[in-house]
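A short worksheet on the structure shown next.
The values are calculated or read from the model by the stated rules, or taken from the named source; none is laboratory data. If you're wondering where the values come from, they're calculated on a predicted model, not measured in any experiment. Positions of Cβ are generated from backbone atoms using ideal geometry, with glycine treated the same way; all protein chains shown enter the neighbour counts.
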Amino acid sequence: MERAVAALPGGGEQRSGQLRMAEEVAAAIACERHLLVQAGTGTGKSMAYLVPVLLSGRPTVVATATKALQEQLVAHDLPFLHGCLGVDFSWALLKGRSNYLCRAALGDVAGAGDGTGPAQGALLERAEVDGGRLADVVAWVGETPTGDRADLPFVVPDDEWSRLSVGVGECPGASRCSYGDTCFAEDARQRAAEADVVVVNTHLYGAHLASDGAVLPEHDVVVVDEAHALEDIATASLGATISPGRFANLARACRGLFTADHPAAAGLEAAGARLHAVLDGREGNRVDPGDGELGVALLAGAEAAAAASAAARQLDVGGEAATRRERVLKLAGGLTSDLRWAGELGLDEVAWVEGRPAPALRIAPVDVGTQLAERMFASATVVLTSGTLAVDGSLAPTAWRLGLDRHAGPGGTAGGAADGDDEATDAGEGPPAPAPAWRGLDVGSPFDYTDQALLYCAAHLPDPRSRDYEAAMLDELEALVRAAGGRTLALFTSRRAVEAAEAHLSGRLPWKVLVQGELPVPLLHQAFLDDETSVLLGTMSLWQGFDAPGPTCSLVVVDRLPFRRPDDPLAAARRDAATRARRNAFAAVDLPQAAVLLAQGVGRLVRSSHDRGVVAVLDRRLATASYRWTLVRSLPPMRRTKDPAEVRRVLGELAASRATPATA
């Protein structure tokens, strides 16, 4: 570790938290014991886990929740360590299959084929995708070594790209595809299979778990960076979505395989339309998939998918038609499997209707920790790290939700470790306790939060659940932004709140107001950085992973404590499960989730040792509720105030120190 730090440009500074984390990661790999480590912003945690991983020589997968961190690891950290560690290793970035262009799909869209299917379907898809871009895509395919969408020199919208790629649930596999020998996705998988370290996103690792280990190459170690997102991502990956769009996609595949008047496609489209009619208007509601009209619609969908599968199996075709046949079989098989799951839903699973971008039936495990214990922690040594994992100073709530406490350790019994340095022990008589299955610690942060940040709670505002709250909150927001001279990242718990803030602030402030949704997030991020006095209004996706160091972000505003809605179907199912287990549902489900998410939002302020500013929480419950200290102690140790005059004075002093002739 010392060698790596010393080789940093300009000479690196050894951080005690980074060194301690590196030592713990090395010990975890050597002992084959899982590690849960909170490493605050500025620790340098990527180096702290990469160095011991590389020195161990163990095949490793690093999973991250953001593209920015993946790019940092692959383009900077791993090449840097390759040049200074004195050990030889290889690395690869692997993305989900739909990120790579599919030559077979391109052939269908462009009208290529062997003549066994009608041209009409392909020509219709060509009309949808072309728009002047199809020829450019074809030319790019002849030049690109990767086929990765990110390498495109021009923009292809999502709906068009979906016609040119396939997901893991519809690819027949290289051995059953006429383009298998030249498949971009298979080439990427081969590079990953030969690498010592494979970098993926956490969603792809979730797909690996859902496939019983069929997506990624074998590995001994997995590091999950930004592990605060693992529970939600794993819940989605180990669940299923049954949407009218899946029926339409299968129908489209059938039209590329059968004659134009074949009943399979029409039956699927009718089943999709029927499902849409049943789901429409029930968004956000928990449902029983086997009950009433929904049960009938799902049964009709299963019959339509089975009919398409049976018709495809009867075809004796070769070449590209055989590839299209295998794709129909794969799509139909996956849809049938999920429909069967919906009809046999267990007590530990929940189904509800989701409304964006179109109504769809969602199925998920209520307690994802049980599945992670079986699928993840039993197959590799796992290092889980993030800047926000502890709740009220303890890692135990996170360990429980992720299933670490339910994984059998080396002695065959589930075990754990206390936070800090004291591992779990057995004080009773008899044989020694089995080695703990996991260890947890918090290595802190090198930043001086008491000097760099002030936490302000607007305790004088009405309760957020009252009708008077919004108007008072918007006035408070405007006053704070004016005191800060712009330079504000305002985080909201709903899209409607963002729209209300935009309507209130636009035209009233002398600074640019940026709103999430107006631009893609990377462009929005750059616009915020480029204009130091701008104000950015965002929703939940900006609470995590958004990095804006420097004077452009002197004020972070949080409108409400980020509790999930009382009627959120998944949260409600988890509360019910906690109650059945005789646990306090609010303390077990709602409070830990809100504490971690609030810490993520607060963490947008201090991103370097030079940052100074204010976090303003416009929710009086942070100062008045009985659970307030659980939330406060889950945040960095900032100075605190409830005095509006004090916070405006601090913001004014910061604004004055940063004013230039152009902004004064």
Seminar exercise, completed: When the range 210-230 is checked residue by residue, the ones that are surrounded by 20 or more Cβ atoms within 10 Å (Cβ to Cβ) and assigned to a helix (DSSP H, G or I) are A227, H228, A229, L230
For this session: Evaluate the range 503-523: report whether one residue or more is in a loop (DSSP other than H, G, I, E, B), of a type in the set (A, V, I, L, M, F, W, C) and either under 22 Å from the mean Cα position of the chain (by Cα) or exposed (fewer than 15 other Cβ atoms within 10 Å of the Cβ) (or both).
Result: yes
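Per-residue answers, yes or no, for (1) closer than 25 Å to D448 by Cα; (2) without any contact (Cβ under 8 Å) to a residue 24 or more places away in the chain; (3) not hydrophobic (A, V, I, L, M, F, W, C):
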residue: R582; (1), (2), (3): no, yes, yes
residue: A599; (1), (2), (3): yes, no, no
residue: R612; (1), (2), (3): yes, no, yes
residue: A616; (1), (2), (3): yes, no, no
residue: W629; (1), (2), (3): yes, no, no
residue: R639; (1), (2), (3): yes, no, yes
residue: A659; (1), (2), (3): yes, no, no
Seminar exercise, completed: The condition from (1) at pLDDT 55 or above; (2) surrounded by fewer than 17 Cβ atoms within 10 Å (Cβ to Cβ); (3) touching a helix residue (DSSP H, G or I) at 6+ places or on another chain (Cβ under 9 Å); (4) not in a helix (DSSP H, G or I) that V138 misses is numbered (4)
Problem set entry | Candidate set: the range 240-263, residues that are at pLDDT below 95 and part of a loop (DSSP other than H, G, I, E, B); chosen: the one surrounded by the most Cβ atoms within 10 Å (Cβ to Cβ) | L257
For this session: Among the numbered conditions (1) of a type in the set (A, V, I, L, M); (2) touching a strand residue (DSSP E or B) at 6+ places or on another chain (Cβ under 6 Å); (3) at pLDDT below 95, tell me where V224 comes up short.
Result: (3)
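Quick grid of which residues meet (1) within 30 Å of G369 (Cα to Cα); (2) of a type in the set (A, V, I, L, M):
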site: E143; (1), (2): no, no
site: D159; (1), (2): no, no
site: L164; (1), (2): no, yes
site: Y179; (1), (2): no, no
site: V199; (1), (2): yes, yes
site: D212; (1), (2): yes, no
site: D220; (1), (2): yes, no
site: A229; (1), (2): yes, yes
site: A236; (1), (2): yes, yes
For this session: Just give me the residues in the range 295-317 being without any contact (Cβ under 8 Å) to a residue 12 or more places away in the chain and outside any helix (DSSP H, G or I), in sequence order.
Result: Q314, D316
For this session: Give just the number: which of (1) assigned to a helix (DSSP H, G or I); (2) within 21 Å of W400 (Cα to Cα); (3) not small (G, A, S) does L622 not satisfy?
Result: (2)
Seminar exercise, completed: Checked pairs for the range 265-285, first assigned by TED's automatic domain parsing to the domain that holds A351, second of a type in the set (F, W, Y) and surrounded by 14 or more Cβ atoms within 10 Å (Cβ to Cβ), C-beta under 6 Å and 6 or more apart or across chains, list as L268/F247; A271/F247; G272/F247
Problem set entry | Filter result (outside any loop (DSSP other than H, G, I, E, B) and crowded, with 18+ Cβ neighbours inside 10 Å) within the range 166-185 | F184, A185
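Go over the candidates A300, A351, A308, A304 one by one and state the one that is at pLDDT 95 or above and in contact with a Cys (Cβ under 9 Å, 6 or more places away or on another chain).
Details: A300 fails: in contact with a Cys (Cβ under 9 Å, 6 or more places away or on another chain); A351 fails: in contact with a Cys (Cβ under 9 Å, 6 or more places away or on another chain); A304 fails: in contact with a Cys (Cβ under 9 Å, 6 or more places away or on another chain).
That would be A308, the only listed residue that is at pLDDT 95 or above and in contact with a Cys (Cβ under 9 Å, 6 or more places away or on another chain).
Restricting to the range 92-134, what's the tally of residues that are aliphatic (A, V, I, L, M) and at pLDDT 85 or above?
Summing the residues that are aliphatic (A, V, I, L, M) and at pLDDT 85 or above in the range 92-134 gives 7.
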Problem set entry | Given (1) touching a residue at least 60 places away in the same chain (Cβ under 8 Å); (2) buried (at least 18 other Cβ atoms within 10 Å of the Cβ); (3) within 31 Å of the chain's Cα centre (by Cα); (4) in a helix (DSSP H, G or I), index of the condition T450 fails | (2)
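Filtering the range 461-484 down to residues that are of a type in the set (A, V, I, L, M) and over 11 Å from A501 (Cβ atoms), which residue is surrounded by the fewest Cβ atoms within 10 Å (Cβ to Cβ)?
In the first step, residues of the range 461-484 are kept if they are of a type in the set (A, V, I, L, M); the result is 461, 471-474, 477, 479-481, 483-484.
This time we only want the ones that are over 11 Å from A501 (Cβ atoms), so: 461, 471-472, 479-480, 483-484.
Numbers: L461: 18, A471: 12, A472: 15, A479: 15, L480: 22, A483: 21, A484: 27.
Selected residue: A471.
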For this session: For the range 585-619, name all the residues that are in a loop (DSSP other than H, G, I, E, B), buried (at least 21 other Cβ atoms within 10 Å of the Cβ), more than 21 Å from the chain's Cα centre (by Cα) and of a type outside the set (A, V, I, L, M, F, W, C).
Result: D619
Problem set entry | Among (1) in a loop (DSSP other than H, G, I, E, B); (2) over 30 Å from I233 (Cβ atoms); (3) in contact with a helix residue (DSSP H, G or I) (Cβ under 7 Å, 6 or more places away or on another chain); (4) free of Cβ contacts under 8 Å to residues at least 60 places away in the same chain - the single one E478 does not satisfy | (1)
Exercise. Got at least one residue in the range 637-652 being surrounded by 19 or more Cβ atoms within 10 Å (Cβ to Cβ), outside the structural domain of A396 (by TED's automatic domain parsing) and in contact with an Asp or Glu (Cβ under 9 Å, 6 or more places away or on another chain)?
Worked result: no
Exercise. How many residues, within the range 529-545, are surrounded by 17 or more Cβ atoms within 10 Å (Cβ to Cβ) and within 27 Å of A595 (Cα to Cα)?
Worked result: 9
Exercise. Which condition number in (1) modelled with pLDDT of 85 or more; (2) surrounded by 20 or more Cβ atoms within 10 Å (Cβ to Cβ); (3) over 30 Å from A48 (Cβ atoms) is the one that L81 fails?
Worked result: (3)
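Tell me, which helices (runs of 4 or more DSSP H) wholly within the range 40-104 include 3 or more residues that are within 26 Å of the chain's Cα centre (by Cα) and not aliphatic (A, V, I, L, M)? Steps first, answer last, please.
Values: elements: 45-56, 67-72, 78-84.
Hits in the range 40-104: 45-56, 67-72.
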Exercise. Which of the residues belonging to the range 388-419 are buried (at least 20 other Cβ atoms within 10 Å of the Cβ), modelled with pLDDT of 90 or more and part of a loop (DSSP other than H, G, I, E, B)?
Worked result: T388, L389, A390, L395, G403
Problem set entry | All positions within the range 625-649 that are assigned to a helix (DSSP H, G or I) and not hydroxyl-bearing (S, T, Y) | R628, W629, L631, V632, P644, A645, E646, V647, R648, R649
